[in-house]
1. What is the one condition in (1) touching a helix residue (DSSP H, G or I) at 6+ places or on another chain (Cβ under 7 Å); (2) in the same structural domain as Ile112 (by TED's automatic domain parsing) that Asp232 does not satisfy?
2. Return the residues of the stretch 183-193 that are crowded, with 19+ Cβ neighbours inside 10 Å and touching a helix residue (DSSP H, G or I) at 6+ places or on another chain (Cβ under 6 Å); say none if nothing qualifies.
3. On the basis of being buried (at least 19 other Cβ atoms within 10 Å of the Cβ), touching a residue at least 24 places away in the same chain (Cβ under 8 Å) and not in a helix (DSSP H, G or I), does Leu32 make the cut?
4. Got at least one residue in the stretch 250-267 being modelled with pLDDT of 95 or more, in a loop (DSSP other than H, G, I, E, B) and aliphatic (A, V, I, L, M)?
5. May I ask you to say which residue of Ser75, Ser13, Ser82, Ser44 is at pLDDT 95 or above, at negative phi, open to solvent by 20 Å² or more (accessible area, probe 1.4 Å) and of a type in the set (Ser, Thr, Tyr)?
6. Can you work out which of the residues in the stretch 268-283 that are in contact (Cβ under 8 Å) with a residue 40 or more places away in the chain and not in a loop (DSSP other than H, G, I, E, B) is least open to solvent (accessible area, probe 1.4 Å)?
7. Is one or more of the residues making up the stretch 98-117 open to solvent by less than 60 Å² (accessible area, probe 1.4 Å), under 30 Å from Arg229 (Cβ atoms), out of contact with any Pro (no Cβ under 9 Å at 6 or more places or on another chain) and assigned to a loop (DSSP other than H, G, I, E, B)?
8. Please determine whether any residue of the stretch 136-151 is more than 14 Å from the chain's Cα centre (by Cα) and open to solvent by 60 Å² or more (accessible area, probe 1.4 Å).
Amino acid sequence: MGEWANTIMIVGSGQTGTALARIAASKGYSILLHDLHPEQVDKSLAKIETSLLAEENSDTHLAQKILARITKVGSLKESVQSDFVIETATENLTIKKQIFTTLSNYITQDTILATNTSSLSITEIASASDCPDRVVGMHFMSPADTMQLVEIVRGAKTTDATRNIAEKIARSFGKEPVEVKDYPGFICSRLLIPMINEAITCVFDDIADIETVDKIMQLGASHPVGPLRLADIIGLDTCLTVMETLHRNLENRKYRPSALLRNMVKAGKLGRKSGEGFYIYND
Ligand SMILES: NC(=O)c1ccc[n+]([C@@H]2O[C@H](COP(=O)([O-])OP(=O)(O)OC[C@H]3O[C@@H](n4cnc5c(N)ncnc54)[C@H](O)[C@@H]3O)[C@@H](O)[C@H]2O)c1
């Protein structure tokens, strides 16, 4: 928290929006939390409370104090109260462009708009707003509450001042910002998601089962979690959109999404967030 921002609006309170709301509130920011589905914000608030209470050294009083900094808001109009917006809605270009068009109708002329897209063009998302100079990519790695890195991505019209504030916000969250160019998947998703896609193809081709593929990459390549477990954590729908974005924009067959990935998304098996992906989740 600092002179650059006091109130942050988070648009999309799914996995990443929930984690970012918790981090930012813990750092002292006032948070406006919005989702297309209001009940999703209630779920987020309940999750945040549970995780705050479960944290070591946390007490009920501190948890309630942090929680009180987060306000549920029902409309994007409330963005007028914010200094900084982080959009963490579904990885879908049409949805993100609509959100940026709407936000730019309400925000003040100083408010900065960040998108947490994993793969989509910052320039294209920014073009939907009337303030592309104040739009920036802030790709928090998942899970956002534990991972250190944030890819900072400038669109064609992003100013130095906008980029600098995004970096300051990332640092104030305890993260390490690294600037990369606006290219499909940036660096992290471009390397990580094709590896996950290949692991899914290995299972589809019956070369090894799910647990074995994960074990091989954990014990054989020192990955903290296997690629299929990681796909479940990221969300299979997000993995599919990233592969489609890479495939469409880089025009190379090597990025073609696995048929199994497509089938699982069609079946609603999205990973941890839907209760089932490559593994079953009962919480
Ligand atoms: N999951 C990850 O590992 C990860 C990592 C880094 C970045 N991201 C990015 O963060 C974004 C969100 O991912 P997630 O995993 O949190 O997804 P999610 O599916 O858990 O949550 C997305 C949320 O957006 C909401 N939403 C959809 N349309 C909306 C709209 N028009 N207005 C407001 N809210 C809307 C949905 O209701 C949902 O609650 C995506 O762009 C994704 O690429 C995800």
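1. Result: Asp232 passes all but (2).
2. Of everything in the stretch 183-193, those that are crowded, with 19+ Cβ neighbours inside 10 Å and touching a helix residue (DSSP H, G or I) at 6+ places or on another chain (Cβ under 6 Å) turn out to be Gly185, Ser189, Ile193.
3. yes
4. yes
5. Ser75
6. Gly271
7. Yes, that holds for at least one residue.
8. Checking the stretch 136-151: not a single residue is more than 14 Å from the chain's Cα centre (by Cα) and open to solvent by 60 Å² or more (accessible area, probe 1.4 Å).
The values are calculated or read from the model by the stated rules, or taken from the named source; none is laboratory data. Note that the structure is predicted; figures quoted are calculated from it, not measured. Every residue, glycine among them, receives a Cβ derived from its backbone with ideal geometry; neighbour counts consider all protein chains shown. For the accessible areas, the whole protein counts, side chains as well, though only heavy atoms, and no ligand, DNA or RNA atoms are used. Shrake-Rupley method; radii C 1.70, N 1.55, O 1.52, S 1.80 Å.
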